[in-house]
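Worksheet: the structure to be examined is printed underneath.
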Amino acid sequence: MSEEDGKRQGFGDPMGMGVGMAKKMMGQMGGDGPNPMAMMQKMMGQMAEGGEAPPPMMQMCMGMCGEMLTAIKRTTDMTAFASPELQGLFTEWLETLEDRAIRHLQENGATDLTSLAKALGIGTESASYLFSHLAKQGKITLRAELVDAS
């Protein structure tokens, strides 16, 4: 197979491969148009019959879907148990962190996520959320720099 044939069929390009697989499956489904659940069931059935593992792209997509569903369930669970009182306490705590972050910037000047996280006693993901939240409110500006690749 030539490189051009490979490109046309989507090899080496995950998005192209996925689109190609979807078009092929939709063409095989016929009827009034594709039904995503029926397509997934058909693919899973074909793999079960052949005893083969799903292609890497499908494994990656299924893994991502699983992670999304887990995150959605966790968020839904937390929302269901977050009483107005707890929501108010969280808002209060977030405002306290915002004030501390602004005070840190006033006293120390420009800072990075790691330094802010350490100063506030939170993780870098939380510091990233805090920076983003403050920027959306127009309280700070964000600046990006290239990371040294060496």
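So, of the residues in the range 117-136 that are free of Cβ contacts under 8 Å to residues at least 12 places away in the same chain and not in a helix (DSSP H, G or I), which turns out to be surrounded by the most Cβ atoms within 10 Å (Cβ to Cβ)?
So the residue we want is GLY123.
Just checking, which of THR76, THR70, THR96, THR91 is under 26 Å from the mean Cα position of the chain (by Cα), at pLDDT 80 or above and hydroxyl-bearing (Ser, Thr, Tyr)?
On the way: THR76 fails: at pLDDT 80 or above; THR70 fails: at pLDDT 80 or above; THR96 fails: under 26 Å from the mean Cα position of the chain (by Cα).
Unique residue meeting the criteria: THR91.
So if I check each of THR96, THR114, which one is among the hydroxyl-bearing types (Ser, Thr, Tyr) and either closer than 15 Å to LYS139 by Cβ or not in a helix (DSSP H, G or I) (or both)?
Values: THR114 fails: either closer than 15 Å to LYS139 by Cβ or not in a helix (DSSP H, G or I) (or both).
Going through THR96, THR114 in turn, just one is among the hydroxyl-bearing types (Ser, Thr, Tyr) and either closer than 15 Å to LYS139 by Cβ or not in a helix (DSSP H, G or I) (or both): THR96.
Within the range 102-111, track down each residue that is of a type in the set (A, V, I, L, M) and in a helix (DSSP H, G or I). Give the steps one after another, and end with the answer.
Pass one, the range 102-111, residues of a type in the set (A, V, I, L, M): 102, 105, 110.
Hits for the range 102-111 are ILE102, LEU105.
I'm checking my understanding of the structure. Among residues of the range 87-113 that are among the acidic types (Asp, Glu) and surrounded by fewer than 15 Cβ atoms within 10 Å (Cβ to Cβ), which one is farthest from ASP77 (Cα to Cα)? If you could, list the steps in order and put the result at the bottom.
First pass over the range 87-113, keeping only residues among the acidic types (Asp, Glu): 92, 95, 98-99, 107, 112.
Still in the running and surrounded by fewer than 15 Cβ atoms within 10 Å (Cβ to Cβ): 92, 95, 99, 107, 112.
Details: GLU92: 21, GLU95: 24, ASP99: 29, GLU107: 39, ASP112: 33 Å.
Step by step, filter the range 87-113, then rank; the result is GLU107.
The values are calculated or read from the model by the stated rules, or taken from the named source; none is laboratory data. Keep in mind that what you see is a predicted model, and the values were worked out from it rather than measured. Quick reminder, even Gly has a Cβ in these numbers, built from the backbone with ideal geometry, and neighbours come from all protein chains shown.
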